[in-house]
Amino acid sequence: MSGLNQCAIIGNLGRDAELKDTRAGSVLSMSVAVSERVKRGEEWAEETTWFRAAVFGKRAEALARLGLEKGTKVYISGPVKADAYSKDGEARASLEIIARELVLLGGGSGGGQRKQHTEQRGQGYGTSGTQASDFGADDFGEDSIPF
């Protein structure tokens, strides 16, 4: 049986997403803050965990055009990639989510828009066009329900 490497987070962009062109293609880098309330003794406190996330290729370019700004609420899921590097002669490691799915949940300049971008297996990067929330009650008549 093969393993599972999957991470899913909902949080806010900590800075504007940054598009870079590399020899290997385009990469869109994001920093996402995920906050949760925890109880410490009798007091409640907010803890924030920071995640790095990246989108590659044509999808990165398309998402960059949406203007992903600091404060935008996002759902991101995908595998986690570990990198080892050296800084000032000291060995370091970092983790990054390779965003195979990204849903804009609102905030920032998005004005509450809800868009989903997913990587389709075997088809490269693509865009998922419709969310269940895009349909209203009037979109379905009695004849369209199969039971």
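The values are calculated or read from the model by the stated rules, or taken from the named source; none is laboratory data. Predicted model only: the values in this text are computed from it and were never measured. Glycine gets a Cβ as well: all are built from the backbone with ideal geometry, and neighbour counts include every protein chain shown.
From the list GLU42, GLU36, GLU96, GLU69, the lone residue that is crowded, with 17+ Cβ neighbours inside 10 Å and acidic (Asp, Glu) is GLU96. Residues that are in a strand (DSSP E or B), under 15 Å from the mean Cα position of the chain (by Cα) and within 11 Å of ALA60 (Cα to Cα) within the stretch 1-29 comprise GLU18, LEU19, VAL27, LEU28, SER29, listed in sequence order.
A residue that is touching a residue at least 40 places away in the same chain (Cβ under 8 Å), hydrophobic (A, V, I, L, M, F, W, C) and not in a strand (DSSP E or B) occurs nowhere in the stretch 74-88. Scanning the stretch 30-59 for residues that are in a strand (DSSP E or B) and among the basic types (Lys, Arg), we see that the one that is farthest from GLY78 (Cα to Cα) is ARG40.
Selection of the stretch 45-66 for residues being among the charged types (D, E, K, R), surrounded by 13 or more Cβ atoms within 10 Å (Cβ to Cβ) and over 14 Å from LEU13 (Cα atoms) yields LYS58, ARG59, GLU61.
The condition (being within 19 Å of ARG100 (Cβ to Cβ) and touching a Cys at 6+ places or on another chain (Cβ under 8 Å)) is satisfied by just one residue among SER2, SER77, SER26: SER77.
Consider the stretch 72-83. How many of its residues are at pLDDT 90 or above and surrounded by fewer than 13 Cβ atoms within 10 Å (Cβ to Cβ)? Explain how you work it out, then say what you get.
First, the residues of the stretch 72-83 that are at pLDDT 90 or above: 72-82.
Narrowing further to those that are surrounded by fewer than 13 Cβ atoms within 10 Å (Cβ to Cβ): 82.
Summing the residues that are at pLDDT 90 or above and surrounded by fewer than 13 Cβ atoms within 10 Å (Cβ to Cβ) in the stretch 72-83 gives 1.
Of all residues in the stretch 44-72, none that is free of Cβ contacts under 8 Å to residues at least 12 places away in the same chain and closer than 16 Å to LEU104 by Cβ has its Cβ atom under 7 Å from the Cβ atom of a residue that is assigned to a helix (DSSP H, G or I) and aliphatic (A, V, I, L, M), 6 or more apart or on another chain. Being under 26 Å from GLY3 (Cα atoms) and not hydroxyl-bearing (Ser, Thr, Tyr) holds for only one residue in LYS70, LYS39, LYS81, and it is LYS81. Annotation for the stretch 91-110: at least one member residue is more than 21 Å from ALA8 (Cβ to Cβ) and modelled with pLDDT of 90 or more.
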